[in-house]
1. Hey, rough spin-label estimate for A:Q860 and A:V908, points 7 angstrom out along Cα→Cβ, what's it come to in nanometres?
2. Given 37 °C and 0.692 mPa s, compute D for region A:441-544 with the Stokes-Einstein relation, Rh being the Kirkwood radius over Cα pairs; round to the nearest whole µm²/s.
3. I'd like the FRET efficiency for A:E560 and A:A621, computed as 1/(1 + (r/R0)^6) with the beta carbon distance as r and R0 of 41 Å, rounded to 0.05.
4. Give the residues of region A:1047-1089 whose amide nitrogen is closer than 17 Å to a point set 7 Å from the Cα of A:L1100 in the direction of its Cβ.
5. Based on DSSP, what percent of beta bridges with both residues in chain A are antiparallel, to the nearest 5?
6. Which FRET efficiency value, to the nearest 0.05, do you get for A:E25 and A:F613 by plugging their Cβ-Cβ distance into 1/(1 + (r/R0)^6) with R0 = 41 Å?
7. By how many nm would the segment from A:N1054 to A:E452 grow when fully extended, if each residue of separation counts as 0.36 nm and the alpha-carbon distance is taken off?
8. With r defined as the distance between the Cβ atoms of A:E496 and A:K551 and R0 fixed at 60 Å, what FRET efficiency is calculated, to the nearest 0.05?
Amino acid sequence: MKKYQEFKQVDYPGIGESVLSYWQENKIFEKSVENREGAETFTFFEGPPSANGTPGIHHVMARTLKDIFCRYKTLKGFQVKRKGGWDTHGLPVELQVEKELGITKEDIGKKITVEEYNKKCRETVMRFKNEWDDLTEKIGYWVDLDDPYITFDPKYIESLWSLLKRLFEKDLLYKGYTIQPFSPAAGTGLSSHELNQPGCYRDVKDTSITAQFKVKGRENEYIIAWTTTPWTLPSNSALAIGEKLDYVKVKTFNPYTYQEQTVILAKARMGALFNKKAEGLKIEDYKPGDKLIPFEIVEEFKGKDMLGMEYEPLFPIEGIALPSPAFTVISADYVTTEDGTGIVHLAKAFGADDFRALVQAGVPGVFVKDEQGNEIPVVDKRGRFLPVIGEYLQAKMKEHEITAHKEYGVDDFYVKNYLKEDENAADYKNTDVIISIILKNENKAFKVEKYEHSYPHCWRTDMPVLYYPLESWFIKTTACKDRLVELNKTINWKPEATGTGRFGNWLENLVDWNLSRSRFWGTPLPVWRNEDATETKCIGSIAELNEEIGKSIEKGFMTESPFKGEEVDLHRPYVDDVILVDSKGQKMFREPDLIDVWFDSGAMPYAQWHYPFENEEIFKANYPADYIAEGVDQTRGWFFTLHAIAVMLFDSVAFKNVIANGLVLDKNGNKMSKRLGNAVDPFKTLKEYGPDALRWYMLSNANPWDNLKFNLEGVAEVQRRFFGTLQNTYNFFALYANLDHFTYDASKMVSVSERPELDRWIISKLQSLIGEVENSMDSYDATRATRAIMNFTVDQLSNWYVRLARKRFWRGDMNEDKQAAYETLYECLTTICQLMSSFAPFYADWMYKNLTDGAKEAGQEIAESVHLTDWNAADETLINKDLETSMQLAQDISSLVHSLRKKDKLKVRQPLQKILIPILSEKTREQIQHVEELIKSEVNIKGVEYIDDASGILVKSAKPNFPLLGKRFGPKMKLVAAAINQWGQEEIANIERNGSVEIDLDGEKAALSLEEVLITSQDIPGWSVASDNGITVALDVTLTNELKQEGIARDLVNRIQNLRKDMGLEVQDKITIKVAKLNEQVDQALVNFSEYIQSETQALSLSVNGDVAEGTVLDMDDFELKVKVEKV
RNA sequence: GGGCCUGUAGCUCAGGUGGUUAGAGCGCUACACUGAUAAUGUAGAGGUCCGUGGUUCGAGUCCACGCAGGCCCA
């Protein structure tokens, strides 16, 4: 029986399948974890995917990336537990359910109960779990699928509640408001998802105003600011400028009142706000009513000079007067000079940017107090001004004698046309128009015009959306900002820029985490409040909830707890039915919000173990994570929520190393989408190429954090080039190892120091490779690791070692040299198996088994799988850099000789006398001499001659060593370079002899040392040379008769080998050769090299004057030869 | 609109701290090898380093402003 299986063709997908079932049958994954019991842990956190859609090719990328470091660390001796997980809550699930049921959110509670709805969500969310599990297994992602954490699990939710309670107790959970899209017509907030529906943004024509804000304490001086929502002007409480922008003060006239005035605006906006034709007109010449209004810059300054400037409100309304620092100029980074005036009007209640800028500047917004004393905006939820504004507008209409299509009452000032009035009606005037007229009359408007812009609309009502303050529960992340930033700096981000840039900037500009979601399927906020909101309870466990319910039952608010027994469901609607009791015996109701699903996943380090209720030991041993990986789109998602919860509650990072991987695009760089049909089906790809080439391609083609342009041809190339070459190398080994009955036995091997140079070289390279893979993987750089393995396998092992060592495998019987060759190749192959096992787990294990089965049968102890082995660290003592350099020289020199041969059309089969190599140092000579034999046989030459100074024919040239000299001479570098370039042989000899030389730089003397110039050999007079990498080679192309004859002999051998092959002879079959006489040179060649020809072709005899009737005519390029070959 | 990433040969990608002939693989062309053979090797052609300015003796590399593509957030 053969010890090493030989393969004609390799079925890569088949390897994937058979190895997978081997792993399953023998529980290899489980063993790889159990084996390391008691060892140091390496902790990995799984970012939970959602199983409500089928997995795509990008999931192969993400999951491979997660897998490889866990496998690597396992080999290195760590115990790596990997708990799988599922993300189950959230809007996409709800939308899918609604789509399938043909309902909308409004139907929930009407056509369908919340109970039924959530039941449907629960069913839907795990719909594709089987596909996911299938893919996970097929790509070899080792993760515990049998006991995953699931975010809808009551235990999971209970952990979340306990975390929320801890936040609450630290006073980090509060109710506030945030500016969100809101549809007054539908009476509901809109998610960004809803706002991104096609058709939501529509071009509409609105009245826009450039308003004039009078500068306090100055006569006729105004700051002007533009808005497309005039109805927000009564809520103005500050103006924003860009600190670095240029502003001007311009003397001009108001176009509506003709008053002389100065206005302040960004210099860059002058062209848009003043008529060019008025340029040069004199202020004095202006007469009221003139179409062209003169203007004149009277002052220029930077935005930051305006900071703190105060102005008078446009709408001096009692009851909304504000304390300072309202009505001042502040700065905001988003101010530009692309439109408007370069000065932005801010209304805290109606713009998210406005809100943020004002909060940062500590400026209050315009609000009024309701009956409870709460601050409310001046526009109500139906989209109309409160009476306090209505009265003012009504009075102003009377004052300015403004008529409209109807009589306006104090409650009639809707900010948009929510009453669906006919806008074409006679004298139709909406609130914006009325405001414009008032401002025009009061010298508060610089420009009023219709402006067409894109504005969001509610997808249900088709009416315009308002940005409006809505109540929400927040986590006060801003309170911990400094610590969040500080601890982030300890995290190793791949790529670094995502940590410092994208994530770091995000932390720097942190706002409080809005936790609320007004939805149905998700983790309920465990907060109960009494009706006047004077008492708040945050529940931290089921037990606590039951205890509180007990009090409620006592009080008679409830009859029994819905959370008894085994089957507990903490979702809506059950929690909504819970009424608790406050300290005064009043009812408390749950705040109806659900929490952000990102809190679900960010809490997984704790909730996956049901901490703090269970598993404290496991939790502590596995926290924080050593490594996590997800897409870069998770930066503000999972990466943030993990970090935030960890820092705020545990004063720790949640993860130490993180890879944020990029997107998988199609081969043209477009986003993949099922709709466009350019999405790649992972299952189909696996079936065609198998998992290993797919994984390898994804890792080696580009850094994972760059986007990957996924191209199946690339997978095929990896398969052909890397796996194919490796497989060929294995096949070569197996073929001869079987013939020679070779079995690797560590106890009986030839020690490395006894092995030939070539073996010691590849072993040195192998050790270097191990070190490189180790370094790369320790710094989470898989691309570098895979490329290093590929380079070694293809370029070093296959294309150099095997090619040069080939003869050792087929010559003669087993001897020490042969054994060394087998052992060396075997060691290389098994080591590659281990090195590649993290990336190509199936193939590596398959080949490992093919290689080791023989030894196992022979009774040696061999691991069941390469994944259960211990890492073979690099043996530094086997690394011989000198030897590696020597071999590099051999490769370079051979390449140069090939190049020369080609130039002179001399095929390699034609032996040549010698090459000449100029030698600049003894060291180089020694290094080349080491590999001289190898070069000679590789390029078929008889000898190598070295030319040194003594030869007298070596021509050298000198070049400046720029990095060294540049630092020293700087601007004079050009002179120095010119001086050195002029040097002849004498100067070079001079500096070589003395170690330094003095040069003249425009009269200044300067001494150059030897290492500051680079000396190379230029050429050899009269010879055809080639050079590269500082090595020059000359080839002696003289063909002596002797060489010609040998060439003929070699040609004949070649032709006879072909004949043998055509005749179907086996390697060991013997033949006789008869050749017809041709001419003296050829005949002589055959006679002289008869022995050589016979031994090469396994011929028992060679007669030059034989009977060649029925012989074959051989084409010998330059002549023809008739021969007859017969099997003995 | 803001933050971040990417842009180098037909394609996919390398090119520490700036240093003078910008590299590799694939593809292409030619040749060689024929005892790894449905393999393999060698050589050759192929470049506006996205653009424009700047810093510097010297820029693919540093700076500024753009352009194109992408991600996230508004």
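1. If labels sit at A:Q860 and A:V908, their model points lie 3.2 nm apart.
2. On the way: Rh = 19.4 Å.
The estimated diffusion coefficient comes to 169 µm²/s.
3. Efficiency at R0 = 41 Å is approximately 0.55.
4. Output list for this probe position: A:1065-1075.
5. On the way: 94 of 129 bridges.
Roughly 75 percent of the beta bridges in chain A run antiparallel, per DSSP.
6. Calculated transfer efficiency: 0.65.
7. 208.4 nm
8. Given R0 = 60 Å and the Cβ-Cβ separation, E is 0.65.
None of the figures in this text is laboratory data; all of them are computed from the coordinates on show. Since we're looking at a predicted model, the values are computed, not measured. Positions of Cβ are generated from backbone atoms using ideal geometry, with glycine treated the same way; all protein chains shown enter the neighbour counts.
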